[in-house]
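The structure appears below as structure tokens.
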Amino acid sequence: MKKVLTYGTFDLLHIGHINILKRAKELGDHLTVGLSSDEFNKIKNKEAFHSYENRKTILESIRYVDEVIAENDWDQKIRDVVDHNIDIFVMGNDWEGKFDFLKDYCEVVYLPRTDGISTTKIKTDLINING
């Protein structure tokens, strides 16, 4: 069985999220998603609309996702790759090169982002509509 791992906040779920989850799952048999906890988002100065528990429930309902684990700090990625027997680590290409240190433990793949959509864009558009 080939296991794939990706990370993210996955707030305000959109087609870009679905696309990366689908493409990540196509690389293997089992997809684990490291979901940023609310506490970790605070460290990253990032505020999610939905709580960790709600985002986790939403991700678990997506057919491409087999398992959701909490992402609590920047340094856990090597541990997660080893502990979950990960074969392929996947991130969007906006992170290109940032996780190459994992190549000692698994294959690292950077997938293209979906053009024209992001959670930040959705939040900005909502502010402009209501502004």
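The values are calculated or read from the model by the stated rules, or taken from the named source; none is laboratory data. The structure presented is a predicted model; accordingly, all values stated were derived computationally and were not measured. With ideal geometry, Cβ positions are generated from the backbone for all residues, glycine too; neighbour counts draw on all protein chains shown. Heads up: the accessible areas ignore ligands, DNA and RNA and are worked out on the full protein's heavy atoms, side chains in. Shrake-Rupley method; radii C 1.70, N 1.55, O 1.52, S 1.80 Å.
List the residue pairs whose Cβ atoms are under 7 Å apart, where the first residue sits in region 42-55 and is within 15 Å of G8 (Cβ to Cβ), the second is open to solvent by less than 80 Å² (accessible area, probe 1.4 Å) and of a type in the set (K, R), and the two are 6 or more positions apart or on different chains.
Pairs that qualify, where the first residue is within 15 Å of G8 (Cβ to Cβ) and the partner is open to solvent by less than 80 Å² (accessible area, probe 1.4 Å) and of a type in the set (K, R), are A48/R55.
State whether one or more residues within region 6-20 are under 20 Å from N85 (Cβ atoms) and not in a strand (DSSP E or B).
Among the residues of region 6-20, not one is under 20 Å from N85 (Cβ atoms) and not in a strand (DSSP E or B), which makes the answer no.
From the list I58, I18, which one is without any contact (Cβ under 8 Å) to a residue 60 or more places away in the chain and surrounded by fewer than 17 Cβ atoms within 10 Å (Cβ to Cβ)?
Of I58, I18, the one residue that is without any contact (Cβ under 8 Å) to a residue 60 or more places away in the chain and surrounded by fewer than 17 Cβ atoms within 10 Å (Cβ to Cβ) is I18.
Of all residues in region 33-55, which are open to solvent by 50 Å² or more (accessible area, probe 1.4 Å), at negative phi and of a type in the set (S, T, N, Q)?
The first filter runs over region 33-55 and keeps only residues open to solvent by 50 Å² or more (accessible area, probe 1.4 Å), leaving 38-39, 42-47, 49-50, 53-54.
Going one step further and asking which of them are at negative phi, we end up with 38-39, 42-44, 46-47, 49-50, 53-54.
Correct list: N54 only.
Residues of region 95-124 being among the basic types (K, R) and modelled with pLDDT under 95, which ones?
Of everything in region 95-124, those that are among the basic types (K, R) and modelled with pLDDT under 95 turn out to be R113, K121, K123.
Can you tell me which residue within region 92-106, out of those that are open to solvent by 70 Å² or more (accessible area, probe 1.4 Å) and outside any helix (DSSP H, G or I), is nearest to N19 (Cα to Cα)?
Within region 92-106, the match that is nearest to N19 (Cα to Cα) is E96.
Search region 80-109 for residues that are within 16 Å of E26 (Cβ to Cβ) and pair each with any residue that is in a helix (DSSP H, G or I) and open to solvent by 100 Å² or more (accessible area, probe 1.4 Å) when their beta-carbon atoms are under 9 Å apart and the residues are at least 6 apart or on different chains.
Taking only residues 6 or more apart or on different chains, the pairs are F89/K103.
With the checklist (1) part of a strand (DSSP E or B); (2) over 28 Å from T124 (Cβ atoms) in hand, flag the one item R63 doesn't pass.
(1)
Name every residue in region 1-15 that is closer than 20 Å to K103 by Cα and open to solvent by less than 50 Å² (accessible area, probe 1.4 Å), in order of residue number.
K3, V4, L5, T6, Y7, G8
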